[in-house]
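Single-structure report; data block below.
The values are calculated or read from the model by the stated rules, or taken from the named source; none is laboratory data. Keep in mind the model is a prediction, meaning the values are calculated, not measured. Because the Cβ atoms are built from the backbone with ideal geometry, glycine has one as well, and the counts that use them run over all protein chains shown. Keep in mind that these areas ignore ligands, DNA and RNA; they rest on the heavy atoms of the full protein, side chains included. Shrake-Rupley method; radii C 1.70, N 1.55, O 1.52, S 1.80 Å.
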Amino acid sequence: MKRILFFMALFSSFVACKDNRQAQQTPEIENFEYMVDKFYDLQILRYRVPGFESLTPQQKELLYYLTEAALEGRDILYDQNCKYNLCIRRTLEAIYENYPGDKSSEDFLNLEKYLKRVWFSNGIHHHYSGDKFIPDFSASFFADAVRSIDAGLLPLQDGETADDLIAKLTPVMFDPAVLAKRTNQAPDVDLIVTSANNYYEGVTQAEAEAFYNNMKDLTDETPVSYGLNSKLVKENGVLVEKTYKVGGLYTEALERVVGWLEKAAAVAENDKQKEVIETLIAFNKTGDLEKFDEYCIKWVYDVDSRIDFVNGFTETYGDPLGMKASWESLVNFKNLEATERTVKISSNAQWFEDHSPVAPEFKKTDVKGVTAKVITAAILGGDCYPATPIGINLPNSNWIRHDHGSKSVTIENITEAYAQAALGNGFAEEFMWSDTEIARHNKYGYLTDNLHTDLHECLGHGSGKLLPGVDGDALKAYGATIEEARADLFGLYYVADPKLLELGLVPDMEAYKAQYYDYMMNGAMTQLVRIEKGKTIEESHMRNRQLIAQWCLEKGAADKVMELRKRDGKTYLVVNDYEKLRTLFGQLLAEIQRIKSTGDFEAAKQLVETYAVQVNPELHEEVLARYAELHLAPYSGFVNPVYEPVVKDGKIVDVLIDYSEGYVEQHLRYSKDYSVLPTF
Ligand code: ZN
């Protein structure tokens, strides 16, 4: 997994994948406003950067330069997403700031809302679905508004008039059929011609595929990432790559990125990190993809630096052919306390393996835990802004991952912001049985959810072994669900173990109940809000959660371990006996490990088909209706903090952090200070 997304900013277990770190609550925060804005299906949040003040002045200076480098790439992404995006954004911003008419009129407010969404999506297509969104104001209002402001403020091309601009942009903004989809994935069409993004121009899919197939050497064991940093165009009938580099495409922005990176290299924490930055600079200057691989390898080995970053053409989700990368940046520093937690767990990996409820023949005699780094984001840029992943695993090149490994990080201050914003949104109150569960959730939910994720990641996936001769793919389509269930159960079993108290990872033996309740409630009912009416569960993490919940509900029924109970026509999960629930988790873990170790396909099929796939239609409808009443925005994005260097005698001696900037102010400022690309 390259990129881990948070799907709904509501509640701990509402994530696409358990390969996520989730947050609930940290008690020490006061008067920090997490919620900034809300429009359409989006909410804008603010995140804190805890620990920033404890960095050394040099680390802060380094971080400051990297955050500037992160902001300079913003326009690149707009242009990559669609070639009209910069023109539309600049036109709308000019109207927004200079409109002489009534700024409280419905049309103008709709224009503001649309502009906010353009900022959110880095263009005119929905950030998640990729569908073009249509303004709620009319084309005639748009035309009047453009004409109402000084033409000198508009992004006009040579010889162009305001009316030309209106004629150019009107179909792009208002006609649903024009540039309808940013990245088309539909079968049986030319994916390049039908995609609105700007990675190819005047080129068909067949031509692009032939161009790159011709370039690839299949015997090469260390192939570069072909096409990663270029636009493919046809010039005089010939296909050519326009490389993104200093002196090439996007040079105006990349020169500034490089300028900040050069300053960063001069104050690097150590030689290894300095080399990483210098190699990235060399890549930006040459566009040479072998340099890029060299940079990636050096980056993987830089594990000691406190500060780390991603900056450049990274993920290829936007290209229907999966080759060309969008520009993104994330600057961060290691969360020492949280990383300590994963180290504690990993270094006791053998103890956990030896004491698990799994049959001895399926256990590893020599188990190694995985240490994942927990980080604090300092700035989000490009394709990580305003919507951001909550975890990243890079680099993407398969051979580099195989030969040199990868870095896996989870961004805890972002998940903390999600969780804080979710507090008091009514979700827990609507779905939890009583104040006891809500109080426990508020007190321990954040902690135990993180711990469960750590146990899942650092131990669960790496535990157990296959018997000799068993094919790792024996469970076929059921393999992923069984594997996730195995890792989740390992975490659930151990989150209630006194060993965690001994290691100082939980404050008492009450904490685990929060995770047990949250997990079971989600698996048994509330995760259904993500399934459309009439559909079954497809996604393997969701299947795994329902499998565990339904199996335990059934097996624990006779002893009344837990049940689904009705009150005032609403269904709730009630857990009566947490200790017995743990025993059930242990039993299911033992069985799932047996299935995995022996490659028992029939048993895997039986478990998944019985418990994981089908949805109770009445419960589903009820949950959807209760959820709809809460009016929650399914997608979230962020505003960044502002970093202000303190300069003395021409040298940066400190950097101050400020959280007060709003969503609109931030984008208008970015559009002034970090916007050097030509409109087309
Ligand atoms: Zn997993």
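Any residue that is among the acidic types (D, E), within 29 Å of E340 (Cα to Cα) and more than 16 Å from the ligand (Cβ to nearest atom) - is there at least one of those in the stretch 514-530? Yes, because at least one residue in the stretch 514-530 is among the acidic types (D, E), within 29 Å of E340 (Cα to Cα) and more than 16 Å from the ligand (Cβ to nearest atom). In the stretch 439-463, the residues that are away from the ligand (no atom under 16 Å from the Cβ) and open to solvent by less than 10 Å² (accessible area, probe 1.4 Å) reach residues that are of a type outside the set (A, V, I, L, M) and at pLDDT below 90 with C-beta atoms within less than 6 angstrom, at least six apart or across chains, in these pairs: G445/S12; G445/Q24.
The set of residues in the stretch 580-590 that are open to solvent by 10 Å² or more (accessible area, probe 1.4 Å) and in contact (Cβ under 8 Å) with a residue 40 or more places away in the chain comprises R582, Q587, A590. Within the option set G534, G569, being at positive phi, in contact with a helix residue (DSSP H, G or I) (Cβ under 9 Å, 6 or more places away or on another chain), touching a residue at least 40 places away in the same chain (Cβ under 8 Å) and open to solvent by 20 Å² or more (accessible area, probe 1.4 Å) holds for one residue only, G534. Look at the stretch 593-604: where a residue is aromatic (F, W, Y) and a partner is open to solvent by 50 Å² or more (accessible area, probe 1.4 Å), sitting 6+ places away or on another chain with Cβ atoms under 9 Å, you get F601/K476. Within the stretch 56-88, the set of residues being open to solvent by 10 Å² or more (accessible area, probe 1.4 Å) and either of a type in the set (D, E) or assigned to a loop (DSSP other than H, G, I, E, B) (or both) comprises T56, E61, E68, D79, K83, Y84.
Residues being surrounded by 24 or more Cβ atoms within 10 Å (Cβ to Cβ) and either away from the ligand (no atom under 16 Å from the Cβ) or over 29 Å from C384 (Cβ atoms) (or both) are entirely absent from the stretch 464-474. Just a yes or no: is a residue in the stretch 510-530 over 27 Å from S434 (Cα atoms) and open to solvent by 10 Å² or more (accessible area, probe 1.4 Å)? Among the residues of the stretch 510-530, not one is over 27 Å from S434 (Cα atoms) and open to solvent by 10 Å² or more (accessible area, probe 1.4 Å), which makes the answer no.
Would you mind finding the one in E609, E563, E622, E602 that is in contact with a strand residue (DSSP E or B) (Cβ under 7 Å, 6 or more places away or on another chain), acidic (D, E) and in a helix (DSSP H, G or I)?
E622
In the stretch 205-232, the residues that are in contact (Cβ under 8 Å) with a residue 12 or more places away in the chain form Cβ pairs under 9 Å with partners that are exposed (fewer than 10 other Cβ atoms within 10 Å of the Cβ) and of a type outside the set (K, R), at six or more places apart or across chains, as follows: P223/D217. So, of the residues in the stretch 475-508 that are away from the ligand (no atom under 16 Å from the Cβ) and part of a helix (DSSP H, G or I), which turns out to be nearest to the chain's Cα centre (by Cα)? Restricting to residues being away from the ligand (no atom under 16 Å from the Cβ) and part of a helix (DSSP H, G or I), the top hit is A477.
Residues that are open to solvent by less than 60 Å² (accessible area, probe 1.4 Å) and touching a Leu at 6+ places or on another chain (Cβ under 9 Å) within the stretch 643-680 comprise Y643, P645, V646, V655, V664, H667, Y670, Y674, S675, L677, T679, listed in sequence order.
Does T415 meet the test of being of a type in the set (S, T, N, Q) and either within 15 Å of the ligand (Cβ to nearest atom) or touching a Pro at 6+ places or on another chain (Cβ under 6 Å) (or both)? For T415, the condition - of a type in the set (S, T, N, Q) and either within 15 Å of the ligand (Cβ to nearest atom) or touching a Pro at 6+ places or on another chain (Cβ under 6 Å) (or both) - is not met. Examine the stretch 165-188 for a residue that is open to solvent by 50 Å² or more (accessible area, probe 1.4 Å) and of a type in the set (V, I, T), and state whether such a residue exists. Looking through the stretch 165-188, none of the residues is open to solvent by 50 Å² or more (accessible area, probe 1.4 Å) and of a type in the set (V, I, T).
Candidates T410, T436: the one that is open to solvent by 10 Å² or more (accessible area, probe 1.4 Å) and in a strand (DSSP E or B) is T410. Only one of the listed residues (P386, P357) is open to solvent by less than 10 Å² (accessible area, probe 1.4 Å) and assigned to a loop (DSSP other than H, G, I, E, B). That residue is P386. Among the residues of the stretch 53-70, those identified as farther than 15 Å from W260 by Cβ, touching a residue at least 24 places away in the same chain (Cβ under 8 Å) and polar (S, T, N, Q) are Q58, Q59.
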